[in-house]
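In what follows, a structure is listed as structure tokens, so that the remarks can point back to it.
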């Protein structure tokens, strides 16, 4: 007897086999998008700082005024960069947890399938 080729069954097997890789790729793109948006915000902070520094340079009447303005701008900028650093750490942790979850789900799927075949 000849068995008929079941295309739907073959496609289901294919989808099940590559689902973890597709999910990992989607999670990777989400993490990349968050990272790029974060870097865009950091670049905006640098641009804003440089614009304020240029305005302070032009508006300063004396060296003391200039120094005070630069010190204030530096303090504000340092605070912003510290917050951005904390955000980056959070993004990295969430991306790592997400990828770990995807990989553990994939391992569980493979383990479950292997156990069914062995039984």
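The values are calculated or read from the model by the stated rules, or taken from the named source; none is laboratory data. These numbers were taken from a predicted model, which means no experiment stands behind them. Neighbour counts are summed over all protein chains in view; Cβ atoms, including those assigned to glycine, are modelled from backbone coordinates with ideal geometry.
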For this session: Scan segment 22-64 for residues that are surrounded by 12 or more Cβ atoms within 10 Å (Cβ to Cβ), more than 30 Å from residue 102 (Cβ to Cβ) and in contact with a helix residue (DSSP H, G or I) (Cβ under 8 Å, 6 or more places away or on another chain) and jot them down.
Result: 45, 49, 52, 53, 56, 60
Exercise. Scanning for something surrounded by 11 or more Cβ atoms within 10 Å (Cβ to Cβ) and in contact with a helix residue (DSSP H, G or I) (Cβ under 8 Å, 6 or more places away or on another chain), does segment 6-15 turn up at least one residue?
Worked result: no
Problem set entry | Lone qualifier among 87, 94, 76 - being touching a helix residue (DSSP H, G or I) at 6+ places or on another chain (Cβ under 7 Å) and at negative phi | 87
Problem set entry | Among the residues listed as 73, 99, the single one being modelled with pLDDT under 90, surrounded by 13 or more Cβ atoms within 10 Å (Cβ to Cβ) and part of a helix (DSSP H, G or I) | 99
For this session: Please enumerate the residues belonging to segment 24-69 that are within 30 Å of residue 105 (Cβ to Cβ) and without any contact (Cβ under 8 Å) to a residue 40 or more places away in the chain.
Result: 25, 26, 29, 32, 33, 36, 37, 39
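Is it the case that some residue within segment 106-117 is touching a residue at least 40 places away in the same chain (Cβ under 8 Å), in a helix (DSSP H, G or I) and under 29 Å from the mean Cα position of the chain (by Cα)?
Checked segment 106-117: at least one residue is touching a residue at least 40 places away in the same chain (Cβ under 8 Å), in a helix (DSSP H, G or I) and under 29 Å from the mean Cα position of the chain (by Cα).
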